[in-house]
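These notes are about the structure you will find just below.
The values are calculated or read from the model by the stated rules, or taken from the named source; none is laboratory data. Remember, it's a predicted structure, so these values are computed and weren't measured experimentally. Reconstructed Cβ throughout: ideal geometry from the backbone, glycine too, with neighbour counts over all protein chains shown. Surface areas here come from the heavy atoms of the whole protein model, side chains and all, with no ligands, DNA or RNA. Shrake-Rupley method; radii C 1.70, N 1.55, O 1.52, S 1.80 Å.
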Amino acid sequence: MPAAAQHRHTRAHRAHRVARKLAVLGTGAAVLALPLIGATSASAASPTVTTAASLGYANNLDGWIRASLQVMAQNGIPGSYDGIYRNIMRESSGNQYAINNWDSNAAAGTPSKGLLQVIDPTFQAYHVAGTSYDPYDPVANITAACNYAAQRYGSIDNVFGAY
């Protein structure tokens with residue numbers, strides 16, 4: 001066999017061996033990746049978070065209140081549009097990103113946040129399933145605050161000052 005042909009044969013033989021190794025390695029890598037792929041798919045299948053838009057309301061103060069009232073009704077949390085609106089105007093003037101960095105809660109390291117100025121421990125304790133775990137999320141903030149107010153005062157409608 002001429003040297004050139006022998007070299008091509010050797011190169012082809014090496015390429016075939018490399019391809020076989022990659023195929024075996026690829027199969028092993030695919031098997032190892034299956035749990036990761038499954039985890040990614042499972043996390044993508046997690047339940048959706050209730051937002052004003054997901055319930056068909058506008059992404060504004062009116063929509064946030066209406067969406068919250070719907071979630072509250074589904075969870076037996078009392079409250080009215082007027083009671084929620086009144087308290088939001090007093091607490092944050094409708095700014096979903098409002099944060100109080102100057103009161104005693106802030107001095108203790110837990111500033112009040114969001115539309116209804118809820119501190120993190122209260123937000124977490126009164127969080128309503130299906131809403132976001134972000135205290136700045138309008139629907140989650142309103143719903144958790146109204147849940148707290150219902151437990152403490154009977155309803156957000158009974159709150160006329162800082163709570």
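If you go through the range 108-163 and keep only what is of a type in the set (S, T, Y), in contact (Cβ under 8 Å) with a residue 40 or more places away in the chain and open to solvent by less than 30 Å² (accessible area, probe 1.4 Å), you end up with T131, S132, T143, S155. Picking from R86, R66, which residue would you name as being open to solvent by 40 Å² or more (accessible area, probe 1.4 Å) and over 24 Å from the mean Cα position of the chain (by Cα)? On inspection, the qualifying residue turns out to be R86.
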